Amino acid sequence: MAKSFPVMHFDAVIVGAGGAGMRASLQLAEAGLSVAVLSKVFPTRSHTVAAQGGIGASLGNMSEDSWLWHMYDTIKGSDWLGDQDAIEYMCKTAADVVYELEHFGMPFDRNDDGTLYQRPFGGHSANFGQKPVQRACAVADRTGHALLHTLYQRNVRARTQFLVEWMALDLIRDADGDVVGVTALEMETGEAMILHAKATILATGGAGRIFAASTNAFINTGDGLGMVARAGLPLEDMEMWQFHPTGVAGAGILITEAVRGEGGILLNANGERFMERYAPNLKDLASRDVVSRSMDQEIKEGRGCGPHKDYVLLKLDHLGPDVIIKRLPSIREISIKFANADPIKEPIPVVPTIHYMMGGIPTNVHGQVVAPKDGDPNSVVPGLFAVGECACVSVHGANRLGTNSLLDLIVFGRATGNFIVSENLKAAPHKPLPGDAAEASRARLARIDNATSGESVSAVADTLRKTLQAHCGVFRNQGLLSEGGPRAARDAHLDQRSQQDVQHRARRGARAR
Amino acid sequence: MVTNPSHEAVSAHYGWRDWLSQRVTAVVMALYTLLVFGVVVWHGGLDYSVWKGLFANNAFKLATFLFMIALFFHAWVGVRNIAMDYVKPTGWRLAVQMVVICMLIAYAGWTIQILWGAV
Amino acid sequence: MKFRIYRYDPEKDAKPYYRDYDIELDPHDRMLLDALIRLKTVDDSLSFRRSCREGVCGSDAMNINGTNGLACVTNLKTLKEPVELRPLPGLPVIRDLIVDMTQFFKQYHSIKPYLINDTPPPEKERLQSPAERERLDGLYECILCACCSTACPSFWWNPDKFVGPAGLLAAYRFIADSRDQALNARLDNLDDPYRLFRCHTIMNCVDVCPKGLNPTAAIGKIKDIMVKRAI
Amino acid sequence: MAASGLTIMAVLERRIVKPRPVYLNLLEIRQPLPAIVSILHRISGALLFLVGIPVLLWGVHVSVASPEAFAQWKSVMAQPLWKLVALALAWAYIHHLLAGLRHLALDVHVGVELAPARRSSAIVLVLSLLLTIIVAVRLW
């Protein structure tokens, strides 16, 4: 293998072409920067496409609403652990970014007066928790699909450069600890390259696939988190994972909260609407962690349905065929295909399923990655940004409010784009690449290329997923977690597997300090 | 796989006329078919006198001529469509199309000769 | 369960060949994609695309027993054995079941797949009545899986010139949008014996669309508007 | 862009490797009924153009010429080989006509959903065969 890789130069490189990556790339491309977006799948295959329910913004199209109430719901939903400055920024900006999406052509559902329709959603309330409010802007139950396609289309218009089916390998940090680009592999040819950039943005999404049962796409393997960890930077809040209350039992496919927003209810084996007991005010529309825990409790106490008493039922036939066909068409499709149940006639079997990673790469509201340095816990890592689920601006705290994930992508994708544009990168020169820019990737590729024996990837991954599932479930406590951590490390053979990576990380860490 | 947006709009700015004319000619031919079928049924079969009589009638001659012209135009668009799908080299395709045009013009001449030529 | 799969590795194989598999499935393996993932644990050289595994991302389109479809929403019980799996027809094969979709996306891009409205946007949303919005139903849901275009004989013969069902469906999605102002330019862009009029209403696209969409109907409406505009 | 660096276009151009196979085996790809009707529409059209038009013109030409020519034409048409040709052309004309009417209906947005389209194609297929059989009975 060649000593170093060929080099391409850009003002900005974005890793990941989901909602956040493409919202950021749009700002950059429209500002005339040379920007490359690399993605291991074609952009419209990104996991944003699977988001169903909606995007939250206090437009007040249905009844009075206020960004303050949205902010309150978000903070309360986060178990009071979210960063309130960031949440304030997000909720204040929400209306503008949603209107922007509408102007981009996103086919939102409408009210009779032509304004955007908004639906009720779990945890959305008026007047600081007093009563439910309709705040979720939606495109039937395909909001993420419409959003992702609209952003791709707008990027086509802006002539963004996409590097499709390219796999990012490692961040490149120079002697000052600044990030000056990434190494990446063109998957079709197996050719590795250096993408030299003045700004590197990670938009690699979540890691839901490290669990055995997940609502996430197969691609959600947390690649960006690995890149950051290998570069010697810390991650934040990694124990905070959201279980979505309604994944199809056995299949894990997501059934949006909008089902309950439109009036669907949860029943246990006795036919009881048990959420009335756990959350008398919001009932089935309580926040996700509350509903998930309640469901788990019901199942644990023997009131689950089915031969193994291991799921509960989501009933929506009382909404009538019209509402189901107009507002929840994909849910019906999923339910028929994956649960053998037509929700117009019968309830859908559901279980809490891993859904969203609240933690990730720590950033500020400009998307700049921060890490502790010289006593400053929020010291910026120059050249590196992160947006979307892989980032932790900490607007979600310990539990994300439904519809805030799409909002997070768009608000912070755009904010990061704007910040980078304001930095006037066009005029600035590239910071030189370090001499060993490609070394870590080269060594790792060589090790894989030259390996003649080893274990099966799928077997190792399966063990790891089972451990995560067993130790980081709906109820997580000190004992389970502290037992699961080392076990997961053992499953992944972290001790022996990545000697070269570890050595490299140590060197880098030393330099960065 | 690398995909980059291409923006060339490469329309020829024609196409709808051929598409429509193929439909219009189809209707003309269908009506004529119905007419001939009706005449044959009306006369309970075909013998020479009926046949000859038909072709002595100017209205029928005109209808037949219309049918033939519709047929030739319809055939032209249809055969060109086939050539566009299966004959890839441009030179060959143009050659095929030229031959077809010549044939159809000759057929049109023949039609006129049959209908109004020396009887 | 028995499978017969089209295999091609550009680094090893001079030409494609078929390989037979017979594997025991788990009772939880419901869809074809589950079976493929299980096959990959046996033969990790087998290559196919997959992502959302619920029929919304459009990655795992392939030719299944002769018909294009998404592996993730194809129930194994509906399949005749041996299940014959081949790449989408008419596109260059990169490896096994993975095709190069450049041509397909080129056609999609060629119809300017984005809203065109050059008036300054209002402070809030552009208004659109529910009826106007409803006109986009059955159009915007396309997942760009390419099942339709690669089932279309017209696309097989002219993939470089015919926009194909997916691209034309997208074209009509913007023509039908009350907010779009580029109707004439869009029609001009399609008035072409190849780009639009290669469609001969064969309807294979409708037959295979995993989302139940109807590109043929959309194309018919484009032709309609174009002819009405001209006359 | 620095001189030492590669542009995306340069990368793209380098990538044109060896020719790739294309899977397009028409015998293995299942064709639904509407597609079969459609391809038969094309085949019958080609047949009518290549054989039908000259035979039609020749037939009309000689048959209106004189009673003797008409009689002679009738006797030629009575030969089994010509009967077969006539039958083939009859099928081609009937199928092309019926399938064409179906296409016209689709063009005015009638029956353009999947189920009716399948049904109408079955009807076209069966009806054209039936009518051809009737023609065959009349011919023999």
Extension gain (nm, one decimal) between A:Ala229 and A:Phe475, 0.36 nm per residue minus Cα-Cα: 85.9 nm
Of the trypsin sites (Lys or Arg not before Pro) in region A:3-80, those whose Cβ has at most 16 other Cβ within 10 Å and which sit in DSSP loop: A:Lys3
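Please average, across the residues of D:112-120, the number of beta carbons from any other chain that are within 10 Å of each residue's own beta carbon, and give a whole number. The partial results should precede the final answer.
On the way: counts 10, 5, 7, 0, 0, 8, 3, 0, 0.
Rounded to a whole number, the mean comes out at 4.
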Residues of region A:242-266 with amide N under 13 Å of the 7 Å Cα→Cβ point at A:Trp80: none
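Name the helices (complete DSSP H segments) of chain C with a Cα length along the long axis of 20 Å or more and a Kyte-Doolittle mean of at least -0.5, or state none. Mind dumping the intermediate values first?
Working: long enough: C:215-230 (23 Å, 0.16).
Sorted by number, the helices that extend far enough and score high enough are C:215-230.
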Cut-off 20 Å (backbone N to label point 7 Å along Cα→Cβ of D:Leu26), residues of region D:72-110: D:92-93, D:95-96, D:99-100
Residue list for region C:84-101, given a label point 7 angstrom along the Cα-to-Cβ vector of C:Asp160 and an amide N cut-off under 17 Å: C:90-93, C:100-101
Stokes-Einstein D (µm²/s) once Rh is taken as the Kirkwood radius of region A:419-498 over alpha-carbon pairs, at 4 °C in 1.567 mPa s: 77 µm²/s
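Taking square-rooted eigenvalues a ≥ b ≥ c of the alpha carbon gyration tensor, is region A:160-247 rounded, prolate or oblate, where a/c under 1.5 means rounded and, failing that, a/b exceeding b/c means prolate? Provide the component values of the computation, followed by the final result.
Working: a/c = 2.56, a/b = 1.48, b/c = 1.73.
It comes out oblate by the Cα gyration axes.
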Loss of accessible area when B meets C, both sides summed, Å² nearest 100, probe 1.4 Å: 2300 Å²
Options B:Val87, B:Leu31, B:Met103, ranked by Cα towards positive dipole end of region B:17-116, top entry (Cβ charges): B:Val87
Rg to Rh, two decimals, where the protein assembly as shown supplies the alpha carbon set and Rh follows Kirkwood: 1.04
Shielding by other protein chains, C:138-146, mean Cβ within 10 Å: 4
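A:Lys466 to D:Lys18: FRET efficiency via 1/(1 + (r/R0)^6), r the Cβ-Cβ distance, R0 51 Å, to the nearest 0.05? Mind showing how you got there, number by number?
Numbers: r = 43 Å, r/R0 = 0.84.
Result of the calculation: an efficiency of 0.75.
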Distance between modelled label sites at A:Lys300 and D:Leu130, nm, 7 Å Cα→Cβ extension: 6.9 nm
Charge dipole of the protein assembly as shown about the Cα centre (unit charges at C-beta), most positive-ward option of C:Asn204, A:Ala470, A:Ile354: C:Asn204
Dipole in debye (nearest 20) - region B:17-116, about Cα centre, beta carbon charges: Lys, Arg +1; Asp, Glu -1: 220 debye
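To the nearest 20 debye, what charge dipole does the protein assembly as shown have about its Cα centre, counting +1 at the Cβ of each Lys and Arg and -1 at the Cβ of each Asp and Glu? Each step should come with its number before you reach the end.
Numbers: 104 positive and 98 negative charges, 524 e Å.
Magnitude of the dipole: close to 2520 debye.
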Spin-label pair B:Leu31/C:Thr78, simplified geometry with 7 Å Cα→Cβ offset, distance in nm: 4.5 nm
Spacing of the two label points (7 Å from each Cα toward its C-beta) at A:Lys92 and B:Lys52, in nm: 10.1 nm
Contour minus Cα-Cα distance for A:Ala428 and A:Thr189 (0.36 nm per residue): 82.8 nm
Simple Cβ-charge dipole of chain C, Lys/Arg +1 and Asp/Glu -1, about Cα centre, in debye nearest 20: 480 debye
Inter-part distance where region A:341-363 and region D:61-127 are each reduced to a Cα centre, Å: 58 Å
Chain C: relative contact order in percent, alpha carbon pairs under 8 Å with at least 6 residues between: 18 percent
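Quick check: from the Cα gyration tensor, does region A:40-148 come out rounded (a/c under 1.5), prolate or oblate?
oblate
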Angle between chain D longest axis and helix D:114-139 axis [Cα atoms, degrees, rounded to 10]: 30 degrees
Candidates C:Tyr108, C:Tyr21, C:Tyr172: whichever shows maximal mean-square fluctuation once chain C is modelled as a Gaussian network with Cα springs under 10 Å: C:Tyr21
Sites C:Ile23 and B:Tyr86, calculated FRET efficiency, Cβ-Cβ separation with R0 56 Å, nearest 0.05: 0.85
Shielding by other protein chains, A:106-118, mean Cβ within 10 Å: 5
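Among the helices of chain A (complete DSSP H runs), which have Cα atoms covering no less than 24 Å along the helix axis and a Kyte-Doolittle mean of at least -1.0? Show your work: numbers first, answer last.
Numbers: long enough: A:84-104 (29 Å, -0.10); A:404-422 (26 Å, 0.95).
Counting only whole DSSP H runs, the qualifying helices are A:84-104, A:404-422.
Which order do the peptides A:427-439, D:97-109, D:49-61, A:392-404 come out in when sorted by mean C-beta neighbours inside 10 angstrom, highest first? Kindly include the intermediate steps, with their values, before the conclusion.
Working: A:427-439: 14.9, D:97-109: 18.2, D:49-61: 16.5, A:392-404: 26.8.
Taking the mean over residues of other Cβ atoms within 10 Å, the ranking is A:392-404, D:97-109, D:49-61, A:427-439.
The values are calculated or read from the model by the stated rules, or taken from the named source; none is laboratory data. Everything numeric in this text was worked out from a predicted model, so none of it was measured. With ideal geometry, Cβ positions are generated from the backbone for all residues, glycine too; neighbour counts draw on all protein chains shown. Ligands, DNA and RNA are stripped out before the accessible areas are found, and what is left, the full protein with its side chains, is counted by its heavy atoms. Shrake-Rupley method; radii C 1.70, N 1.55, O 1.52, S 1.80 Å.
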